[in-house]
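Here, each number is a calculation from the coordinates, and none is a lab measurement. Since this is a predicted model, take the numbers as computed values, not measurements. Note that each Cβ is placed from the backbone with ideal geometry, even for glycine, and that neighbours are counted across all protein chains shown.
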């Protein structure tokens, strides 16, 4: 097993008084793909958004426990959120490019860092688009609006946008749920390439996708109070072939969810 | 049941068409009354396009009436400019504050208060300007006349702010949350997100807000009638008294001889004002629609 990149310890998350995630403890290995699966409302997205502190954008969210990134607890008060979010990038469920040009979408993260060097920006934009397997499709229309791209291209653009700020971890919240099967497969291929360099955590509804693409799988389920909890975590092949918990088996064989 | 639906449909569409037809009829009526400027040889001697736009004086009463639009246009532009310069930073600033930064509770207090401004009758605003703003302006700029373009512009700003604010606020609010989240997840601060993502995305709506504020300022009558000084003159100073197009129509229409050159001229002024504000409103609605389409990802 690879080194541990993110270590989650006794994580509780509350929306107001409602406990949404209960006592999650989980280690995420670096340079691999970890899939979070489970039925709707089990706190998968909440868990993912705890890893770059995006939950804090909502009012009344309270987080307890620790999330260690390279051994450093990101919930400590002296953590700089801007640095954290550059290290831990995020791709969202629906492709959400800015209403700007393709080039400016990828350059956005660099511009807000105050990088002015035109050549450097062009270089990083090209590199990021190449890594996101989008360069060949857009190299002749970099200054066209990003909204003219297809959904699958937009999502790869969003991945390129994240790559441009040179993250270490990429969080993906059901990145293919709004895409057709072919675009989905392209995103999955891309993920396999990216895991050579990045640690990827993906939330997915689609169990086949988790089985196809991930190295490790965590299965979440809600308890009787609707609080999300971790049922089982391990190698993807084991989770899908010989789950230890009957509830995991029930879910992956399609008995509920 | 179906008959009921049909009746409802007919009633509603009838009401809607009454509204549209009225606007068209108003336009037709004003246009018809101002037509003699082009076709009546008697009136053309006293009032024609050359006199309107190429002479300098507006003196409709006298042995030799003078009907130049230029001092009125200059006056209207002056008060409108002051009103927009004052109102824009205030309305856009508060819109950014309530849409992006204020906690929800505070927003729910501030937004209705600003919008309530539009419920103040303009005669009351005019009175307030007459008593209070005029004195401030005089104290600050030491002007000879209390009533001038700056005083009128400040008073007009109160009428413009609720419109511009509301439309800007709505435009900022329609920027999808996903875009803001994407920006923040890339390491942008709240302020960077506002400047680089939210404002550009909402720019069409913001321009529409400015346009509609502009149209409101140009068309407002009572405030300028009370506090602009009503002197029709062409000067560069904003501290001179001015006379605007709507104030002129309001002040003179009641006294004018029916069918006279003066009467026709006032209608032509009205036609001009109507056309300008109509065009501005139309541009604003196109901008609004375009922004919304763009944010929905259509093009």
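Against the main long axis of the alpha-carbon atoms of chain B, helix B:149-173 sits at an angle near 30°. Output the 0 to 90 degree angle, nearest 10, between the alpha-carbon long axis of helix B:70-96 and the longest principal axis computed from the alpha carbons of chain B. Here the helix axis deviates by roughly 10 degrees. For chain A, a Gaussian network of Cα nodes joined below 10 Å ranks A:154, A:166, A:113 by mean-square fluctuation, and the top entry is A:113. Each residue in A:32, A:40, B:237 was given a count of other beta-carbon atoms within 10 angstrom of its own, and listing them fewest first yields A:40, B:237, A:32.
Residues considered: B:49, B:212, B:77. Largest GNM mean-square fluctuation over chain B, using C-alpha springs under 10 Å, is found at B:49. Annotation: the residues B:151, B:174, sorted from fewest to most other C-beta atoms within 10 Å of their own C-beta, follow the order B:174, B:151. The ranking of B:158, B:128 from fewest to most other beta carbons within 10 Å of each one's beta carbon is B:128, B:158.
Relative to the current alpha-carbon distance between residue A:115 and residue A:9, full extension at 0.36 nm per residue lengthens the span by 34.5 nm.
When chain B is modelled as a GNM with alpha-carbon springs shorter than 10 Å, which of B:74, B:264, B:18 fluctuates the most? The residue with the greatest mean-square fluctuation here is B:18. Spin-label model, residue B:282 to residue A:242: label points 7 Å out along the Cα-to-beta-carbon direction sit 7.7 nm apart. Classification of the protein assembly as shown by its C-alpha gyration tensor yields a prolate form. The axis ratio a/c (a ≥ b ≥ c) is 1.5 or more, and a/b outweighs b/c.
Extension gain for residue B:237 to residue B:85 (0.36 nm times residue separation, less C-alpha to C-alpha distance): 53.1 nm.
To the nearest ten degrees, helix B:104-116 and the longest principal axis of the Cα atoms of chain B are 10 degrees apart.
Placing a pseudo-label 7 Å from each Cα along the Cα-to-Cβ vector at residue B:140 and residue A:193 gives an inter-label distance of 6.0 nm. Take the Cα of residue B:17, step 7 Å toward its Cβ, do the same at residue A:122, and the gap between the two points is 6.1 nm. Taking the Cβ-Cβ separation of residue B:3 and residue A:253 as r and a Förster radius of 60 Å, what is the calculated FRET efficiency to the nearest 0.05? Taking R0 as 60 Å, the efficiency between residue B:3 and residue A:253 is 0.60.
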